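The values are calculated or read from the model by the stated rules, or taken from the named source; none is laboratory data. Computed from a predicted model, the values in this text were never measured in an experiment. Note that we place each Cβ from the backbone using ideal geometry, even for glycine, and neighbour counts take in every protein chain shown. For the accessible areas, the whole protein counts, side chains as well, though only heavy atoms, and no ligand, DNA or RNA atoms are used. Shrake-Rupley method; radii C 1.70, N 1.55, O 1.52, S 1.80 Å.
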Amino acid sequence: MWNNFKKFLKFEKGGTVLGFTQFSGAIITGIFTIFAAPILGAENLGLVSYFLAIAAIGFTICSFGVSSVLLVYLSKGVKLFSTMSFLLLISTAITGIIVFLIFNEISIVLVIIGHVIFELAIHELLAKQMYTKYMKYFLTQRILFATLAIPMFFLIGFTGFIIMYGLSMLPAFIRIYFGFKESRINLTLIKERSSFIVNSYLLYAARTSYAYVDRLIIVPLFGYTILGNYELAMQGIILGNVFAVFIYNYLLPKDAREESTYRLKIYAIIGSTLISLLVIFVSPHILPILFPQFQDAVDLIPIMGLSIVPHVFTMLYISKFLSSENSRLIVISSVIHFIILVSAILILTHYYSTMGLVIAFVLGEIGESLFLMFMHKKVFKSFI
């Protein structure tokens, strides 16, 4: 199996570059977290997490589900990048003004703007399988943030940390400039595909809601310090899920072109299982050494590690459904995930305090994965 896997990567040069990019980004993020978390402390990390959650919701409002739209339609040769960019820049300006009037915080607005620009750029490159250029933009953003966020924190506090996150994504604007030169704005392209775009928008809104609603609930229940511990544990899970992100970004354009991806899906399941075991059994011994200030995170992350395998299954199914332009089921699965997560948090935290948070997190991932598994079996007559 290992020899076959090496031959597969050698043949699929794009997969090697994309995998290197994702894992290099994860290493940069991991090293940065090791240094940054003790400097910020649990409370400041909680504040950063809370502000970024607000920014993520702001991005969702103005995003039109852009990532899925670009990955599917650019992969099929539909030249709608400049049109999507035009619409998103207008909606971003409106959203940014509203967010600033509500929160009076420019750092949140900068993150929304940066996020929109970055998402447009990297998903255009992924859809066109321009993996080397994707690597340059992706790693540049990671390096800029990792090297300048802490100095900004010392200069103006935790808001400087957030501002640097937004600024680090702005160099990707050059891709939007080239996109406008490559094709004209044509709103007819959007009108003809409005159903899929609306479903993609609802899908992204649903998925963002459950991805960040826990942060918004934790603050009134437990405060910023507990949120800081939860965020550190979540960063460990995000690192564990980087393999799933790579698989999804690599699979979706291929699924859209109806290429065979069965072997890669098997590798994804095996790889995610190994990662999950590492997180569950190894992280409790490493975290106390690296982060003595975040003792609560040590108890949270092993349970959260149970979510890694269901998450990779979810990403495999999402790729398949989106590639066939069937996003309705993914919207439903995301709503199911949201309902399970919020209900479990409100119920379980009453009995198990902070431990109820992570149990709810795992239950949400499992619930969505099982629903998509049964739907995949029903639609495509197979489980993977």
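To the nearest µm²/s, what D does Stokes-Einstein give for region 94-156 at 4 °C and 1.567 mPa s, using the Kirkwood radius over alpha carbon pairs as Rh?
Calculated translational D: 96 µm²/s.
In whole Å, how far is the Cα centre of region 185-259 from that of region 361-380?
Cα centroid of region 185-259 versus Cα centroid of region 361-380: 16 Å apart.
Do you know the relative contact order of the chain, to the nearest whole percent, from alpha carbon pairs under 8 angstrom that are 6+ apart?
Averaging sequence separation for qualifying contacts and normalising by length gives 21 percent for the chain.
Rounded to the nearest 500 deg cm²/dmol, what is the calculated helix-only ellipticity per residue at 222 nm for the chain, with -39500 (n - 2.57) per DSSP H run of length n ≥ 4?
-29500 deg cm²/dmol
Give the relative contact order (percent, whole number) for region 248-343; include only Cα pairs under 8 Å separated by 6+ residues. Walk me through the numbers before you get to the answer.
Values: 65 pairs, mean separation 36.0, N = 96.
After rounding, I find 37 percent.
Based on the mean of other Cβ atoms within 10 Å per residue, sort peptides 161-172, 216-227 so the most packed one is first.
Result, highest mean Cβ count within 10 Å first: 161-172, 216-227.
Once you have a ≥ b ≥ c as the square roots of the Cα gyration tensor eigenvalues for region 61-129, tell me rounded if a/c is under 1.5, and otherwise prolate or oblate according to whether a/b is larger than b/c. Don't jump to the answer; show the numbers that get you there.
On the way: a/c = 3.46, a/b = 2.42, b/c = 1.43.
Taking the square roots of the gyration eigenvalues as a ≥ b ≥ c, region 61-129 is prolate.
Quick one: give the max-minus-min coordinate of the C-alpha atoms of region 320-370 along each principal axis, largest first, in Å.
That gives 42, 13, 13 Å along the principal axes, largest extent first.
Protein chains only, probe 1.4 Å: how do SER382, SER200 rank by accessible area, largest first?
SER382, SER200
Quick check on the chain: what are the equivalent-ellipsoid semi-axes from the Cα gyration tensor, as sqrt(5λ), descending, whole Å?
That gives 30, 26, 21 Å for the three semi-axes.
Using 7 Å Cα-to-Cβ label points, what is the ASN104/VAL213 separation (nm, one decimal)?
3.0
Among 310-320, 242-252, what's the highest-first ranking by average C-beta atoms within 10 angstrom per residue?
Descending mean neighbour count gives 310-320, 242-252.
Long-range amide H contacts for ASN186: which residues qualify at under 5 Å (H placed 1.01 Å from N, peptide plane, sequence gap of 5 or more or a different chain)?
Counting only residues 5 or more places away or on other chains, the set is THR83.
Within region 308-342, name every residue whose backbone N is under 12 Å away from a label modeled 7 Å from Cα of ILE266 along the Cβ vector.
none
Work out which helices of the chain, taken as complete DSSP H runs, extend at least 18 Å along their axis over the Cα atoms and score a mean Kyte-Doolittle of 0.5 or more, then list them. Numbers along the way, then the final one.
Details: long enough: 13-63 (42 Å, 1.35); 81-103 (31 Å, 2.26); 106-127 (32 Å, 2.12); 131-156 (36 Å, 0.92); 194-222 (41 Å, 0.88); 224-240 (24 Å, 0.80); 242-256 (22 Å, 0.97); 262-281 (29 Å, 1.64); 308-323 (23 Å, 1.26); 328-352 (35 Å, 1.89); 354-380 (39 Å, 1.29).
Going by DSSP H runs, the hits are 13-63, 81-103, 106-127, 131-156, 194-222, 224-240, 242-256, 262-281, 308-323, 328-352, 354-380.
For an R0 of 35 angstrom, estimate the FRET efficiency from the Cβ-Cβ distance between GLU259 and PHE178 and round to the nearest 0.05.
So the FRET efficiency works out to roughly 0.85.
In nm, give the distance between the simple-model label positions of ILE27 and SER324, each being 7 Å from the Cα along the Cα-to-Cβ direction.
Going from the ILE27 label point to the SER324 one covers 3.9 nm.
List, in the order given, every pair from LYS136/LYS254; LYS79/LYS377; LYS265/LYS377 whose Cα-Cα distance in the structure shown is over 24 Å.
Table pairs above 24 Å Cα-Cα are LYS79/LYS377.
By what distance, in whole Å, do the Cα atoms of region 223-282 stretch along each of the three principal axes, largest value first?
47, 24, 10
Where Rh is the Kirkwood radius over the Cα pairs of region 59-187, the temperature 4 °C and the viscosity 1.567 mPa s, what D in µm²/s does Stokes-Einstein return? Before the final figure, lay out the partial values.
Details: Rh = 15.2 Å.
Rounded to a whole number, D works out at 85 µm²/s.
Just to be sure I understand the model, the point goes 7 Å from the Cα along the line to the Cβ. What's the resulting LEU155 to ASP299 distance in nm?
3.9
Take every Cα pair under 8 Å in region 85-152 that's 6+ residues apart, average their separations, divide by the length, and report that relative contact order as a whole percent.
Result for region 85-152 is 22 percent.
Length gain on complete extension for the stretch LYS79 to PHE374, per 0.36 nm per residue less the alpha carbon to alpha carbon distance?
102.8 nm
Quick one: what does P(r) look like for region 129-175 with 5 Å bins over all Cα pairs, in whole %?
5, 23, 26, 18, 13, 8, 4, 2
May I have the pair-distance distribution P(r) for region 13-81, computed from all Cα-Cα distances with 10 Å bins from 0 and rounded to whole percent?
The percentages, shortest bin first, are 16, 24, 36, 20, 4.
Over the residues of region 185-274, compute the C-alpha Rg and express it relative to 2.2 N^0.38 Å. Before the final figure, lay out the partial values.
Numbers: Rg = 18.3 Å, N = 90, 2.2 N^0.38 = 12.2 Å.
Rg over 2.2 N^0.38 Å, computed on Cα atoms: 1.50.
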